[in-house]
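Below is one structure; the comments refer to it alone.
The values are calculated or read from the model by the stated rules, or taken from the named source; none is laboratory data. What you see is a predicted model, and the numbers here were worked out from it, not measured in a lab. Ideal geometry is used to build each Cβ from the backbone, glycine not excepted, and the neighbour counts take in all protein chains shown. Side chains included, ligands, DNA and RNA excluded: accessible areas come from the protein's heavy atoms. Shrake-Rupley method; radii C 1.70, N 1.55, O 1.52, S 1.80 Å.
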Amino acid sequence: MANFPVINMENLNGSERGVTMEKINDACENWGFFELVNHGIPHDLLDKVEKMTKDHYKKCMEQRFKEMVAAKALEGVKAEVTDMDWESTFFLRHRPTSNISEIPDLVDEYRELMKDFAGKLEKLAEELLDLLCENLGLEKGYLKKAFYGSKGPNFGTKVSNYPPCPTPDLIKGLRAHTDAGGIILLFQDDKVSGLQLLKDGEWIDVPPMRHSIVINLGDQIEVITNGKYKSVMHRVIAQTDGTRMSIASFYNPGNDAVIYPAPTLLEKEPTEKEQSYPKFVFDDYMKLYAGLKFQAKEPRFEAHESS
């Protein structure tokens, strides 16, 4: 099996740029995932985010999770659970408006830290979108503009902890799905693994790597690139030891952004291949996705073709 793609962003600034851009393109075409190192987000900031996230989980969420597990009788399950995930999460919204001040139980220092972290991730997301544009032959800023809508993009963070699970063969940390949105930036635990992606019919581990940011592409990138870059099924396997931390930030189109394949990419296709992806308003897609998240993505696209 080919090695999981790791991109050293420092190499974009010198003679290695061409090779690095090719590696990014290959990762987008063949994996839907890649891991970034030397991405410019300070390591001490990442360490602090990790420490405070884990502290917050222990202090405010661990007990609640245990009570939920007990209440739903998940501890001694004998048959596979297919309608729930073994995870403890909360959501932070950054754009178009922030809800960080409204989330209960967060200490002020953690709120400020997550605001700072989100700002850096947003910049990184936009930098990556422009690298994709360059690889695709789209004008700089095309993807950012496509995502913009009338109020700018949606940008939010899902903070998850996956506690140890006594029956990992019967319940997933997170069931297999593709991400609905644009580009996803993940800061994950570097000790406890669990994230896997589906490649060529096999589940492959996304390796935990200290201070890296894992990138994956969502359904909207697949639509805009008319399938050249694809969103990929992924899941989280529950583990029996250790709690896995995962902080996933989603840079998505604005609710009223109209998403459709980039015309210049259609022009490059052979004439017999007609546009294979529909045009829709992002919010309509999300309403559909809410009920179909853990199913194949194709019916979601097809549902919009007749609309």
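Brief remarks on what is shown
- Against the empirical curve 2.2 N^0.38 Å, the C-alpha radius of gyration of the stretch 1-110 lands at a ratio of 1.53.
- Alpha carbon centroid spacing (whole Å) that separates the stretch 148-170 from the stretch 53-115: 10
- Amide H contacts of Leu195 (H built 1.01 Å from N, in plane; Pro and chain starts excluded): Val206, Ile237 sit under 5 Å, all sequence-distant by 5 or more or on other chains.
- Under 5 Å, built H, 5+ apart or other chain: amide partners of Leu36: Ile7, Ile213, Val214, Ile215
- Positive end of the dipole of the stretch 6-303 (Cβ unit charges, origin at the Cα centre): among Phe65, Gly152, Gly291, the Cα lying farthest that way belongs to Phe65.
- For the chain, built as a Gaussian network whose Cα springs stay under 10 Å, the top-fluctuating residue of Lys51, Lys78, Lys144: Lys78
- Apportionment of accessible area to carbon and sulfur, the stretch 66-212, percent (1.4 Å): 51
- Our helix-only sum for the chain, with -39,500 (n - 2.57) per DSSP H run of n ≥ 4 divided by its residues, gives a mean residue ellipticity at 222 nm of -10500 deg cm²/dmol.
- Dipole of the stretch 6-303, positive direction: furthest Cα of Tyr251, Met21, Tyr110, with charges on the beta-carbon: Tyr110
- Pairs exceeding a 22 Å alpha-carbon distance, out of Lys158/Lys287; Lys158/Lys279; Lys145/Lys230: Lys158/Lys279.
- For the stretch 175-218, the residues whose amide N sits under 17 Å from a probe point set 7 Å from the Cα of His43 along the beta carbon direction are 188-191, 208-214.
- Estimated dipole of the chain in Debye, rounded to 20 [Cβ of Lys and Arg +1, of Asp and Glu -1, Cα centre]: 560
- Its residue count N fixes a reference of 2.2 N^0.38 Å for the stretch 36-177, and the Cα radius of gyration divided by that reference is 1.29.
- For the chain, the relative contact order works out to 21 percent when only alpha carbon pairs closer than 8 Å and six or more residues apart are counted.
- Hull shadow area, averaged, the stretch 6-303 [alpha-carbon convex hull, nm²]: 16.0
- Net length available on complete extension from Glu62 to Glu202 is 47.1 nm, with 0.36 nm assigned per residue and the Cα-Cα distance removed.
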